[in-house]
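Novice: Have a look at this one before I ask anything.
The values are calculated or read from the model by the stated rules, or taken from the named source; none is laboratory data. As the structure is a computational prediction, the values presented were derived from the model and not from experiment. Quick reminder, even Gly has a Cβ in these numbers, built from the backbone with ideal geometry, and neighbours come from all protein chains shown.
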Amino acid sequence: MAQDTTSKTHERAVEDLTTAEARAELEALALHLGRANDAYFRDDAPVMSDAEFDHLRNRNAAIEKRFPDLIRSDSPSRQIGAAPSDAFGKIRHTRRMLSLANAFTEDDVVDFIAGLRRFLGLAPDAPLALTAEPKIDGLSLSLRYENGQLRHAATRGDGETGEDVTANARMLDEIPQHLTDAPDLLEVRGEIYMSHSDFAALNARQAAAGGKSFANPRNAAAGSLRQLDPGITRARPLRFFAYAWGAVSAPLGQTQTEAIDRLTALGFPTNPLFRYCPTLDDLLTAYRDIEAQRASLGYDIDGVVYKLDDLSQQERLGLRSTTPRWAIAHKFPAELAWTRLDGIDIQVGRTGALSPVARLSPVTVGGVVVSNATLHNEDYIAGRDSRGAPIRDGRDIRIGDWVQVYRAGDVIPKIRDVDPARRPDWSTPFQMPAHCPECGSPALREPGDSVRRCTGGLTCPAQAVERLKHFVSRAAFDIDGLGAKQVESFWRDGWIVAPRDIFTLRDRFGPGQPRQLKNREGWGEKSAQNLFDAIDSKRRIPLARLIYALGIRHVGETSAGVLATQYGTWSAFRAAMSEAADPDSTAYAELIAIDGVGPVMVQSLITAFQVEAGTIDALAALLDIQAAEARASDSPVAGKTVVFTGTLERMTRAEAKARAEALGAKVAGSVSTKTDLLIAGPGAGSKAKKAADLGIEVIDEDQWLALIGAS
């Protein structure tokens, strides 16, 4: 499964990332993880290990946590698995099959527990029990029982829809076909896996028969379950652990522990290492115990899963887009390797950021051959963090050094340390260039910024091309047949200079034109026609995707969605951006009042619609921009804009916001003429006064809970 990881994607320490760097890296992570998702979940042919994949998702989540306004619509944090294969029928899950957030250190676990306490409003010393169990490295499966009979089985797929593998699941001895004394409806979730000894025996039989050998037990398990011929599945030594449930007509218990015991009593295999952990120390002890047994278990695990034990507290915490708030996977450590740093390349991103990337003598780390690694920024190279404090005990990194590389699942690895004792005599401290290597414009580092930026703007070819790549990326217009390579090629030839040029390509190369795309090397009549059709199909675009595709600095996918929901239509959004140029205008006040929209983003929006108004309007004229869809809800607050102020006494602010948004409300950070309702707790001050002045309805927390049916 080794692979040469030479992508130009790179990263910096999350705490040192600038907004531009974060946006660029999230774009690259979405691309790489999208491909890895398809390879892993759909094709059973992973391009990276499970641990690497999970760690990469964690890197993405860490960036999104620090830059929530940059979350993309195609973010790995919003994706679960991959679209189901067309080779199988499809089953829509009654309740989504989610993935898990990751922790890599004990500090991460401490932060997770602290986050649970904050959300639930618990004191630091209040009891809070969790459970711990091994994280099985296999294939997720959902089993639906009706009146005790197995009705269907489905893979996780993309979390919403999975592959119908009912016939195959019926072949497995460890999956009960009939249940006694079970709820009328019960969906059991678990993991299909293969033991090490069974895997070795299967590969031996495959080799003897001249068949394909599997790379690892997870691959073998996934490939064996996803067979079109159930007879092949029957012949494969597949096993199953149950660890969760989906839709259920009656509770399995009041706690996670009771529910797992009930699954065991119903006849499902559950992991014997599952344990109840009343304290944080118990939780970490369980992790260390399970890690110590990892090599002797006889099956693959890649971490330990922690879940809040109290199911009523799980219900209160609820879900993020793809992960529950009440569970986390504590992953095992990454692998390390030493190699030589042969050079340092400078790459220019969409917003002009100059980022150094290490060129390494190829080395295998965690089963993957790597030749590039991030060097974050000039401070990191010099041996200091963004605040000037020493890192690596102040040791700088130089060309010719021997460096320690690790892959915490990242497509581009990181450099952890350097060995000065092996440093060549000719080495000198590295200096970041003062000019852009792409266009020669001055590269300046502004106060408070950790990176240098090219000042060439769109006259810089790197920035121009990267913005076009962003425009056609998966989370933006996502045009089939028009990827990064095609964008670079068409830009070099002057065919696509600005986004609007994409939508006039058919006119440029259509019938009757002296030059036609079908005559270009690598293109034919059918492929050219397919591209034109794909472009035309994307003229109809949701408002949020268009806002994100514009590539406005500091406007990520989440904030684009928030803006789209707030303004509803392109005409309303476009007019507001023009009017907001006046800081004393109502439009400005309403824009900055949107929850999650701050002064920096506001200034970026205003600047973009001043400087690039002609380009943006020319593009919009060629599109059919769809209004934002209001979240379907029959709640009394659906579609309303609400503001919370003062101290909430019956729930935390985070829980109140989550509940409001789940009911279809829009939560704003300040009061404006667009506010429909202010929920005021003790200590409410200027927001309550402003609401009264504007005639906005003001209620207290008890009235709010009664309104939403939670009193």
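Novice: Suppose we filter segment 571-589 for residues that are more than 16 Å from residue 672 (Cα to Cα) and not in a loop (DSSP other than H, G, I, E, B); how many remain?
Specialist: Selection size over segment 571-589: 7.
Novice: Could you figure out which of (1) more than 30 Å from residue 128 (Cβ to Cβ); (2) acidic (Asp, Glu); (3) crowded, with 19+ Cβ neighbours inside 10 Å isn't true of residue 191?
Specialist: That leaves (1) as the condition not met.
To keep it simple, each residue is scored yes or no on (1) surrounded by fewer than 20 Cβ atoms within 10 Å (Cβ to Cβ); (2) at negative phi; (3) touching a Gly at 6+ places or on another chain (Cβ under 8 Å).
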| position | (1), (2), (3) |
| --- | --- |
| 431 | yes, yes, no |
| 444 | yes, yes, no |
| 448 | yes, no, no |
| 463 | no, yes, yes |
| 483 | yes, yes, no |
| 488 | yes, yes, no |
| 500 | yes, yes, no |
| 504 | yes, yes, no |
| 507 | yes, yes, no |
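Novice: Just to confirm my filter: which helices (runs of 4 or more DSSP H) fall fully inside segment 607-711 and include at least 3 residues that are in contact with a strand residue (DSSP E or B) (Cβ under 6 Å, 6 or more places away or on another chain)?
Specialist: Helices (runs of 4 or more DSSP H) meeting the threshold: 653-662, 686-694.
Novice: Additional query: From the list 576, 549, 564, which one is surrounded by 20 or more Cβ atoms within 10 Å (Cβ to Cβ), under 20 Å from residue 495 (Cβ atoms), among the small types (Gly, Ala, Ser) and outside the structural domain of residue 19 (by TED's automatic domain parsing)?
Specialist: 549
Novice: Right, another one. Please indicate, with yes or no, whether at least one residue in segment 122-131 is closer than 16 Å to residue 191 by Cα and surrounded by 21 or more Cβ atoms within 10 Å (Cβ to Cβ).
Specialist: Looking for residues that are closer than 16 Å to residue 191 by Cα and surrounded by 21 or more Cβ atoms within 10 Å (Cβ to Cβ), one finds none in segment 122-131, hence no.
Quick grid of which residues meet (1) within 30 Å of residue 35 (Cα to Cα); (2) touching a strand residue (DSSP E or B) at 6+ places or on another chain (Cβ under 6 Å); (3) assigned to a loop (DSSP other than H, G, I, E, B); (4) among the β-branched types (Val, Ile, Thr):
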{"residue": "387", "(1), (2), (3), (4)": "no, no, yes, no"}
{"residue": "393", "(1), (2), (3), (4)": "no, no, no, no"}
{"residue": "397", "(1), (2), (3), (4)": "no, yes, yes, yes"}
{"residue": "400", "(1), (2), (3), (4)": "no, no, yes, no"}
{"residue": "404", "(1), (2), (3), (4)": "yes, yes, no, no"}
{"residue": "418", "(1), (2), (3), (4)": "no, yes, no, yes"}
{"residue": "425", "(1), (2), (3), (4)": "no, no, yes, no"}
{"residue": "429", "(1), (2), (3), (4)": "no, no, yes, no"}
{"residue": "439", "(1), (2), (3), (4)": "no, no, yes, no"}
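Novice: Right, next: Checking the condition modelled with pLDDT under 95 and touching a helix residue (DSSP H, G or I) at 6+ places or on another chain (Cβ under 6 Å), which residue from 296, 321 passes?
Specialist: 321
The rows are residues; the columns are (1) at pLDDT below 80; (2) under 29 Å from residue 565 (Cβ atoms).
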| position | (1), (2) |
| --- | --- |
| 5 | yes, no |
| 14 | no, yes |
| 37 | yes, yes |
| 44 | yes, no |
| 47 | yes, no |
| 69 | yes, yes |
| 75 | yes, yes |
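Novice: While we're looking at this one, here's another question. For segment 664-687, which residues satisfy the criterion of being surrounded by 20 or more Cβ atoms within 10 Å (Cβ to Cβ) and over 19 Å from residue 639 (Cα atoms)?
Specialist: Listed by number, the residues that qualify are 680, 687.
Novice: Quick check on my filter: what residues within segment 478-500 are without any contact (Cβ under 8 Å) to a residue 24 or more places away in the chain, in a helix (DSSP H, G or I) and farther than 22 Å from residue 525 by Cβ?
Specialist: The answer is 484, 488, 492.
Novice: In this structure, does residue 94 turn out to be surrounded by fewer than 16 Cβ atoms within 10 Å (Cβ to Cβ), touching a residue at least 40 places away in the same chain (Cβ under 8 Å) and under 28 Å from residue 173 (Cβ atoms)?
Specialist: yes
Novice: Would you point out the residue of segment 551-584, among those that are among the polar types (S, T, N, Q) and either within 30 Å of the chain's Cα centre (by Cα) or over 18 Å from residue 617 (Cβ atoms) (or both), that is modelled with the highest pLDDT?
Specialist: Filtering segment 551-584 for residues that are among the polar types (S, T, N, Q) and either within 30 Å of the chain's Cα centre (by Cα) or over 18 Å from residue 617 (Cβ atoms) (or both), the one modelled with the highest pLDDT comes out as 569.
Novice: Taking the conditions exactly as written (closer than 28 Å to residue 298 by Cβ, touching a Gly at 6+ places or on another chain (Cβ under 8 Å) and among the hydrophobic types (A, V, I, L, M, F, W, C)), does residue 130 satisfy them or not?
Specialist: no
Novice: In segment 585-634, which residues are buried (at least 17 other Cβ atoms within 10 Å of the Cβ), modelled with pLDDT under 90 and among the β-branched types (Val, Ile, Thr)?
Specialist: Matches in segment 585-634: 592, 594, 597.
Novice: Out of 449, 419, 401, I need the residue that is in contact (Cβ under 8 Å) with a residue 40 or more places away in the chain and over 24 Å from residue 360 (Cβ atoms). Which one?
Specialist: After applying the criteria, what remains is 449.
Novice: For a quick check of your reading: which helices (runs of 4 or more DSSP H) sit entirely within segment 127-245 and have at least 2 residues that are of a type in the set (Val, Ile, Thr) and in contact with a helix residue (DSSP H, G or I) (Cβ under 8 Å, 6 or more places away or on another chain)?
Specialist: 230-235
Novice: Let me ask something else. For residue 427, state whether it is in contact with a helix residue (DSSP H, G or I) (Cβ under 8 Å, 6 or more places away or on another chain) and either surrounded by 15 or more Cβ atoms within 10 Å (Cβ to Cβ) or under 29 Å from residue 369 (Cβ atoms) (or both).
Specialist: no
Novice: Do the conditions hold for residue 459, that is, is it closer than 30 Å to residue 434 by Cα, touching a Pro at 6+ places or on another chain (Cβ under 7 Å) and surrounded by fewer than 16 Cβ atoms within 10 Å (Cβ to Cβ)?
Specialist: So residue 459 does not fit the description; no.
Novice: Quickly run through segment 283-342 and pick out the residues that are in contact with a His (Cβ under 7 Å, 6 or more places away or on another chain) and in a loop (DSSP other than H, G, I, E, B).
Specialist: Once the filter is applied, which keeps residues that are in contact with a His (Cβ under 7 Å, 6 or more places away or on another chain) and in a loop (DSSP other than H, G, I, E, B), segment 283-342 yields 298, 299, 334.
Novice: Something else now. Quick check: is even one residue across segment 361-380 modelled with pLDDT of 95 or more, buried (at least 16 other Cβ atoms within 10 Å of the Cβ) and of a type in the set (A, V, I, L, M, F, W, C)?
Specialist: Taking every residue of segment 361-380 in turn, none turns out to be modelled with pLDDT of 95 or more, buried (at least 16 other Cβ atoms within 10 Å of the Cβ) and of a type in the set (A, V, I, L, M, F, W, C).
Novice: Could you identify the single residue in 173, 181, 229, 198 that is touching a residue at least 24 places away in the same chain (Cβ under 8 Å), in the same structural domain as residue 300 (by TED's automatic domain parsing), loosely packed, with under 14 Cβ neighbours inside 10 Å and of a type in the set (D, E, K, R)?
Specialist: 181
Novice: Residue check: is residue 295 surrounded by fewer than 22 Cβ atoms within 10 Å (Cβ to Cβ) and more than 22 Å from residue 370 (Cα to Cα)?
Specialist: yes
Novice: Given the criteria more than 24 Å from residue 58 (Cβ to Cβ), surrounded by fewer than 15 Cβ atoms within 10 Å (Cβ to Cβ), of a type in the set (Gly, Ala, Ser) and in contact (Cβ under 8 Å) with a residue 24 or more places away in the chain, does residue 247 qualify?
Specialist: yes
Novice: Hey, residue 357 hits all of (1) more than 22 Å from residue 19 (Cβ to Cβ); (2) in a strand (DSSP E or B); (3) touching an Asp or Glu at 6+ places or on another chain (Cβ under 8 Å) but one; which does it fall short on?
Specialist: It is condition (1) that residue 357 fails.
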